Amino acid sequence: MSKIEDIVDALENKISKVLHKNEVLKQTNVKLSERLEEQQQKLLNQQEELASWVDKYETLRIANSMLGSDENKRETKLKINALIRDIDHCISQISE
């Protein structure tokens, strides 16, 4: 009988170790899930900030071209022509 008791004790010990390891892995999983959520939120915030900066850059670039910077003369002329066409279109709609 002593041999069976030793086997049962060893089995209980192994089960206890497995259950403990399972608990540790669950806790690690929870921590990793929280970190993943934090990183995803951080990435979302950075993407929104990047989009904001891209919009600001584009606005600044257009403003510079409207001011007639030497680098964007052609673009400035095209923008002015587009604005004139829009104004002409508005005037023609008002006239009708």
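Any read-out appearing in this document is the output of simple, stated calculations on the displayed coordinates, not a laboratory observation. Keep in mind that what you see is a predicted model, and the values were worked out from it rather than measured. Cβ coordinates were reconstructed from backbone atoms using ideal geometry, including for glycine residues, and neighbour counts include every protein chain displayed.
Using only DSSP helix segments of four residues or longer, with each worth -39500 (n - 2.57), what per-residue ellipticity at 222 nm results for the chain after dividing by its residue count and rounding to 500?
-34500 deg cm²/dmol
Within region 1-85, list the trypsin sites (Lys or Arg not before Pro) lying in a DSSP loop whose Cβ has at most 14 other Cβ atoms in a 10 Å radius.
none
Please list, in order, the residues from region 1-33 whose amide nitrogen is less than 20 Å from a point placed 7 Å along the Cα→Cβ vector of residue 42.
28-33
How large is the dipole of region 2-95 about the Cα centre if only Lys and Arg carry +1 and Asp and Glu carry -1, each at its Cβ, rounded to the nearest 20 debye?
Roughly 280 debye, rounded to the nearest 20.
Hey, what angle do you get for helix 2-67 against the long axis of the chain, alpha-carbon based, 0 to 90 degrees rounded to 10?
Orientation of helix 2-67: about 10 degrees from the principal axis.
Using all alpha carbons of the chain, what is the percent of pairwise distances in each 10 Å bin, ordered from the shortest bin to the longest?
Using 10 Å bins, I get a P(r) of 13, 15, 14, 13, 10, 9, 8, 7, 6, 4, 1 for the chain.
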